[in-house]
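Below is one structure, written out as structure tokens, with a few remarks after it.
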Amino acid sequence: MTVEIREMTADDCEAVATVRVRGWQHAYAGLMPQAYLDALSVEEDAARRRDHLARGNGRVVNLVAERAGRVAGWGCYGPSRDEDAPAGSAELYAIYVLPEQLSTGVGRALMDALTSRAAAEGCPLLLLWVLAGNEHARRFYEKAGFAPDGAEESFEVGGVSVGEVRYGRRLSAVVAAGDSRG
């Protein structure tokens with residue numbers, strides 16, 4: 001079955017929330033407190049998705065991946081939030097796929113569309129943050145051309161500190177040329 005990638009609409013918020021919540025519950029099991037993951041609510045997340053989509057102001061790109069007419073994945077990117085990022089850099093804020101769609105090409109199609117779109121917009125670099133212990137996601141990002149850049153941070157979830165590692169992928173030769181000038 002083919003994967004269709006398209007812009008997310010307000011009508012997709014419930015399906016995207018389902019992808020996101022189920023994605024968190026699957027990907028972060030054992031990496032975050034289970035009670036926190038169990039308490040995630042599709043309804044609450046759908047309300048947040050609607051709010052984020054309404055406030056996007058065209059700066060955040062939200063794409064969905066459909067297979068057989070059903071939303072199977074979602075991803076979004078926008079301006080990098082990191083102060084040390086080169087001017088014009090983008091950040092992949094999220095990419096999630098329904099657990100039963102993992103390793104079926106949905107994530108790859110979505111990643112290809114997101115990176116192509118950011119490159120077409122002239123973004124020199126695409127950054128993302130991934131949980132340090134999420135080996136499956138780290139392998140996925142590395143296969144997609146991302147590499148850790150040395151930045152690390154942590155945040156608290158349910159009273160537990162969770163470490164993250166930043167990855168980056170160059171999208172433009174402009175930054176690469178600038179880096180080589182000494």
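The values are calculated or read from the model by the stated rules, or taken from the named source; none is laboratory data. Treat the numbers as computed from the prediction; the structure is a model and nothing was measured. Positions of Cβ are backbone-derived with ideal geometry, glycine not excepted, and every protein chain shown enters the neighbour counts. Ligands, DNA and RNA are excluded from the accessible area calculation, which covers all protein heavy atoms including side chains. Shrake-Rupley method; radii C 1.70, N 1.55, O 1.52, S 1.80 Å.
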Look through 149, 82 and report the one residue that is acidic (Asp, Glu) and in contact (Cβ under 8 Å) with a residue 24 or more places away in the chain.
82
Every residue from the range 10-65 that is under 15 Å from residue 131 (Cβ atoms), part of a loop (DSSP other than H, G, I, E, B) and small (Gly, Ala, Ser):
30
Given (1) open to solvent by 60 Å² or more (accessible area, probe 1.4 Å); (2) touching a residue at least 40 places away in the same chain (Cβ under 8 Å); (3) under 20 Å from residue 58 (Cβ atoms), number of the condition residue 126 does not satisfy:
(1)
Would you check if residue 102 is under 17 Å from residue 140 (Cα atoms), within 16 Å of the chain's Cα centre (by Cα) and at pLDDT below 95?
yes
Just checking, does the range 81-91 include any residue being assigned to a strand (DSSP E or B) and within 19 Å of residue 60 (Cα to Cα)?
yes
Which one of these is open to solvent by 30 Å² or more (accessible area, probe 1.4 Å) and either at pLDDT below 95 or touching a strand residue (DSSP E or B) at 6+ places or on another chain (Cβ under 8 Å) (or both): 93, 141, 167, 77?
93
Where residue 110 falls short, out of the listed (1) open to solvent by less than 20 Å² (accessible area, probe 1.4 Å); (2) of a type in the set (A, V, I, L, M); (3) touching a Lys or Arg at 6+ places or on another chain (Cβ under 9 Å):
(3)
Unique residue being within 26 Å of residue 121 (Cβ to Cβ) and at pLDDT below 95 when the list is 54, 65:
54
Counting only residues in the range 2-17 that are surrounded by fewer than 11 Cβ atoms within 10 Å (Cβ to Cβ) and not charged (D, E, K, R), the one farthest from residue 63 (Cα to Cα) is identified as 2
Subset of the range 105-158, residues in a strand (DSSP E or B) and of a type in the set (A, V, I, L, M, F, W, C), comes to 125, 126, 127, 128, 129, 130, 131, 147, 151, 155, 157
Checking residue 29 against (1) under 17 Å from residue 113 (Cβ atoms); (2) surrounded by fewer than 14 Cβ atoms within 10 Å (Cβ to Cβ); (3) of a type outside the set (D, E, K, R): exactly one of these is not met. Which one?
(1)
Of the residues 67, 49, only one is under 18 Å from residue 13 (Cβ atoms), touching a residue at least 24 places away in the same chain (Cβ under 8 Å) and either open to solvent by less than 50 Å² (accessible area, probe 1.4 Å) or of a type outside the set (A, V, I, L, M, F, W, C) (or both); which?
49
Let me spell it out: the conditions are (1) surrounded by fewer than 17 Cβ atoms within 10 Å (Cβ to Cβ); (2) more than 18 Å from residue 9 (Cα to Cα), and residue 55 meets all of them except one. Which number is the exception?
(2)
Quick check: is even one residue across the range 92-100 part of a helix (DSSP H, G or I) and either in contact (Cβ under 8 Å) with a residue 24 or more places away in the chain or in contact with a helix residue (DSSP H, G or I) (Cβ under 7 Å, 6 or more places away or on another chain) (or both)?
yes
